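Comments concern the structure below.
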Amino acid sequence: MPLERVKKFLEPYPDLEVILFDSSTHTAEMAAQTLGVTVGQIAKTLVFIAEGKPLLVVTCGDKKVNTKLLAKAIGVKKVKFADSAIVEEFTGFPPGGVSPVGLLKVLPVYLDQSLYEYDIVYAAAGTANSALPIAPERLRQITNGCVIDVCK
């Protein structure tokens, strides 16, 4: 179960706790409305394919990833969005509920620097009605993520 995987990943981090909602937070806009925060504070986790290998990019809900900047930042020629089957195969989460933690398989994690505009961001926690409030630097620490600038 996706939510249980996220909670298990978070067990060593007693400072982090998943919030559950009665309503769906499937999109960044829905999550922001449910949480009473700006769309920018929603940390959306996107899966891309670079030279045949999946990777995660976590960015603000109001930003768009520039794939050319992403390719340059990670040193490849081209990246593209992963389809839903790839997303689920590698993360174990459905699109709309992809968490940057508790993944099925180990994937490189990149955090767009836009997240650092906020003290706290809200990442999906494996379902369409859950969120993980977390400081961007704490997210980088627990995911071993790399901060990049790919949203222009």
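Just so you know, all these numbers are worked out from the coordinates, no wet-lab data involved. Predicted, not measured: the structure shown is a model, and the values here were computed from it. Positions of Cβ are generated from backbone atoms using ideal geometry, with glycine treated the same way; all protein chains shown enter the neighbour counts.
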Report the residue count in the stretch 71-127 for those that are aromatic (F, W, Y), touching a strand residue (DSSP E or B) at 6+ places or on another chain (Cβ under 6 Å) and under 19 Å from E137 (Cα atoms). 2
From the list V47, V37, V65, V18, pick out the single residue that is out of contact with any Lys or Arg (no Cβ under 9 Å at 6 or more places or on another chain), over 19 Å from C146 (Cα atoms) and among the hydrophobic types (A, V, I, L, M, F, W, C). V37
What number goes with the only condition from (1) closer than 15 Å to I148 by Cβ; (2) under 13 Å from the mean Cα position of the chain (by Cα); (3) buried (at least 18 other Cβ atoms within 10 Å of the Cβ) that P108 does not pass? (3)
I'd like the full set of residues that are of a type outside the set (S, T, Y) and either touching a residue at least 40 places away in the same chain (Cβ under 8 Å) or within 15 Å of T143 (Cβ to Cβ) (or both), limited to the stretch 33-49. L35, V37, G40, Q41, I42, A43, K44, L46, V47
Answer yes if at least one residue in the stretch 127-134 is farther than 23 Å from K7 by Cα and under 13 Å from the mean Cα position of the chain (by Cα), and no otherwise. no
Considering only the stretch 21-47, how many residues are farther than 24 Å from F90 by Cα and not hydroxyl-bearing (S, T, Y)? 12
When the stretch 97-152 is checked residue by residue, the ones that are aromatic (F, W, Y) and either within 21 Å of P12 (Cα to Cα) or in a loop (DSSP other than H, G, I, E, B) (or both) are Y118, Y122
